[in-house]
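FYI, it's all coordinate maths here, none of it is from the lab. What you see is a predicted model; the values in this text were computed from it and never measured. No Cβ is skipped: glycine too gets one built from the backbone with ideal geometry, and neighbour counts run over all protein chains shown.
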Amino acid sequence: MNAHDTQPFEDAGARALWDSYLRKVDALCTVLNPRQRADIQTELKAHLLEGFIQTDAGDEATRLAAVIERLGEPDEFVPSWVEERLLDDAQPGAGARSLLGLLRTNLARGVKQFPFTMLVGLGYLLSFYFFLVAFMKLIFPANVGLYLTPAGIPVLGYVDAEAFREILGYWLTPVALIASILLQILLNRWIRRRFSKRA
């Protein structure tokens, strides 16, 4: 697919943006057959041109850059489009190329998503731990808390050592509950922001 096809701009900067964007799209569609790749390029060109026509502030390059910013970078949404087309082809009797392409796309997305998923999982685990510590402080007030070891290292949880010095006392319960709730809110917002960009 030639990104220069149907080049609609007079401004060199706009042409460079257009070509660069469509090359990125094409690079993400290599597992698709030529017809599917052409369909995605045609659909994206229509989105870009529609947004460009509706944007009237600035020169061509500025207007196109604003449209691209609203639409998002290709790697944020094109893999989903590719997967949809591969799934359509991966019906009984589908060719090995379609099935391998689907596997490759999912593996690439999984690797890219792994750090985000791990951070969110650890965040929710930490939030649950704060909640648990706040609750356990009410049941085992002498052994649960935020302590300092003799070496000055903070420890949060169940401690059975007299040498440790407690820092918060019963204040641990409201502090840990607030920390748990705030962490949940931050994680939920992060997840919503990440996935709203893909919508």
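Structure notes:
- The stretch 1-79 and the stretch 165-192: distance between their alpha carbon centers, rounded to Å: 44 Å
- Loop-located trypsin sites (Lys or Arg not before Pro) across the stretch 131-191 with a Cβ neighbour count of 11 or fewer within 10 Å are lacking, with loop assigned by DSSP.
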